[in-house]
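Below: the structure, in structure tokens.
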Amino acid sequence: QLQRIKIIEILDSRGNPTVQVNLRLDQGTTAIARVPSGASTGGREAVELRDDESHRYLGRGVRTVAHNAEAELNNRLAGRPLQEPSDLAALDAELTTLDGTDRFAHLGANVAVGVSMAAARAIATLHKQPLWQLLHDVLNERVDRIGAAEHAPRLPVPHFNVINGGAHASNDLPFQEFMIAPLGAPSFADAVRAGAEIYHRLHAILIESGDPPGLGDEGGFAPRIDDPTVALDLLVRAIEAAGYTPGPNQIAIALDPAANGFHHEGGGYDLCGEHYEAGGLIDYYASLIERYPIWSVEDGLAEDDWDGWSLLTHRLGSRIQIVGDDIFCTNPQLIKRGIGNGTANAALIKVNQIGTVTQTLEAIAQCYRAGWRAMVSHRSGETDDTFIADLAVGAGCGQLKSGAPARGERTAKYNRLLEIAADESATATFAAWPPPVTRRA
Ligand code: PGA
Ligand code: ZN
């Protein structure tokens, strides 16, 4: 049974307040969750609630939010059963009912997701299971029920964000994330090694070029460049300098342009001094794919440009992964709409975008039912919480992005995956690409 919930105001990696949830069961089992926070957020994300106190933390405090929610949650949830895996869905449903809005505007999605993550951890601990195993079991039950394809637990291909721009850096680079993805690595540990070696080579190349780079929010370098092709050239040089081969079967590149950031208010996109309509921007992406080993593009268009997205997927979806982040916000209903419209062929998965673990798993199940891929993701504001590492393994989705192979809040996730990889009792294997999908009859 759930005995007590404690909610604490702590700091995230950007120095902004966020929520920690401590949950205690009456058998003495305890679990903690620390909640991440985005900067380039989608308009339909669950609501991250902050205090209305401009004198504290520049108006970003969560002390009152935590205080109010703690009282309300203890009133309503103390004594609830929290033991079996199925109790997680019941608790998440109760959180949704208690909140009473459709996007956690009352409790705050930052509070709700922390409670939900801590509850999942507590159940796993009670069953002496690794968290990834519990998440796998809960997801698979759902996947079976809706007749989706089952995915075995797998260590994901890590996507290291080594050059930062957009809302995550103070340079003029319009694209937000330039990631290296060791798709051809023989093991997870080899993938991490490749990522770190390339990161260091890239640093040396930037120093040599006379542009000692700052860092962006996700630990990638933030060189003073403004042209995405210059960043891509740097990636290719760094991959080669580290002794690897750039290519779709070796070290590939993934982009998150986060196009909301250069979407023009009146329509179209402003990029590198040019104005593009969706079709022109898709031509630009097509030219990049010709020249560089890009295998995945996330948020290539703005979150409201549904028609543009369908065109993008129609034109490039058979060649690369097209990932929807801000357009779907990990929302199963929006993903369903996207599936119906041919909007993308993959969804980004962020637990705090939707507010509960159950809804997050539902979003993944919807992807699997449609033959879409899912990519588990951190936020630009992070903590040392490693929940998403276990989520990626349990979901068996084969891919995770958690920033650079540097900085504690980013490496916490990669290190947790190295720990799972080293655990001889873990059945999780490394995701060769593409991830094998076993379809149930
Ligand atoms: P955010 O960015 O965490 O700042 O929203 C991450 C992303 O766009 O994928
Ligand atoms: Zn994104």
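The values are calculated or read from the model by the stated rules, or taken from the named source; none is laboratory data. Because the structure is predicted, anything quoted here is derived from the model rather than measured. Don't worry about glycine lacking a Cβ; one is built from the backbone with ideal geometry, like all the others, and counts go over all protein chains shown.
Screening region 299-386 for strands (runs of 3 or more DSSP E) wholly inside it with 2 or more residues that are β-branched (Val, Ile, Thr) returns the ranges 321-324. Restricting region 173-200 to residues that are surrounded by fewer than 19 Cβ atoms within 10 Å (Cβ to Cβ) and in contact with a helix residue (DSSP H, G or I) (Cβ under 8 Å, 6 or more places away or on another chain), the residue that is farthest from GLY38 (Cα to Cα) is SER187. The residue that is farthest from ligand 2 (Cβ to nearest atom), counting only those in region 386-408 that are surrounded by fewer than 24 Cβ atoms within 10 Å (Cβ to Cβ) and more than 13 Å from the chain's Cα centre (by Cα), is GLY408. For region 306-362, what are the residues that are more than 14 Å from ligand 1 (Cβ to nearest atom) and of a type in the set (Lys, Arg)? Correct list: ARG315, ARG319, LYS336, ARG337.
Of all residues in region 111-137, those satisfying the criterion of being more than 17 Å from THR29 (Cα to Cα) and buried (at least 24 other Cβ atoms within 10 Å of the Cβ) are VAL111, ALA112, VAL113, TRP132, LEU135, HIS136. Got at least one residue in region 312-319 being under 15 Å from the mean Cα position of the chain (by Cα) and within 16 Å of ligand 2 (Cβ to nearest atom)? No; the residues of region 312-319 include none that is under 15 Å from the mean Cα position of the chain (by Cα) and within 16 Å of ligand 2 (Cβ to nearest atom). For the structure I just gave you, tell me whether GLY28 is modelled with pLDDT under 95, within 30 Å of ASN140 (Cβ to Cβ) and part of a loop (DSSP other than H, G, I, E, B). The answer is yes for GLY28. So is ASP233 of a type in the set (Asp, Glu), at pLDDT below 95 and more than 22 Å from GLU409 (Cβ to Cβ) or not? So ASP233 fails the test.
Checking region 251-263 against the condition returns no match, with no residue being more than 15 Å from PHE178 (Cα to Cα), away from ligand 1 (no atom under 16 Å from the Cβ) and not small (Gly, Ala, Ser).
Give SER296, SER287 a once-over and let me know the one that is under 17 Å from ASP326 (Cβ atoms) and of a type in the set (Ser, Thr, Tyr). Outline the logic, then answer.
Details: SER287 fails: under 17 Å from ASP326 (Cβ atoms).
Exactly one residue qualifies, and that residue is SER296.
Residues are listed down the side, and each one gets a yes or a no for (1) within 15 Å of the chain's Cα centre (by Cα); (2) modelled with pLDDT under 95:
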| site | (1), (2) |
| --- | --- |
| THR358 | no, no |
| GLU362 | no, no |
| ARG379 | yes, no |
| ALA412 | yes, no |
| ASP423 | no, yes |
| PRO434 | no, yes |
| VAL437 | no, yes |
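Only one of GLY280, GLY243, GLY267 is in a loop (DSSP other than H, G, I, E, B), more than 16 Å from ligand 2 (Cβ to nearest atom), farther than 25 Å from GLU197 by Cβ and over 24 Å from the mean Cα position of the chain (by Cα); which? Show your work before the answer.
Numbers: GLY280 fails: in a loop (DSSP other than H, G, I, E, B); GLY243 fails: farther than 25 Å from GLU197 by Cβ.
Only one candidate qualifies: GLY267.
With respect to the conditions (1) under 12 Å from VAL47 (Cβ atoms); (2) touching a Leu at 6+ places or on another chain (Cβ under 7 Å); (3) surrounded by fewer than 23 Cβ atoms within 10 Å (Cβ to Cβ), GLY108 falls short on a single one, namely (3).
In summary, VAL230 fulfils each of the numbered conditions (1) surrounded by 15 or more Cβ atoms within 10 Å (Cβ to Cβ); (2) outside any loop (DSSP other than H, G, I, E, B) with the single exception of condition (1). Against the numbered list (1) hydroxyl-bearing (Ser, Thr, Tyr); (2) within 16 Å of ligand 1 (Cβ to nearest atom); (3) in a helix (DSSP H, G or I), THR41 comes up short only at (3).
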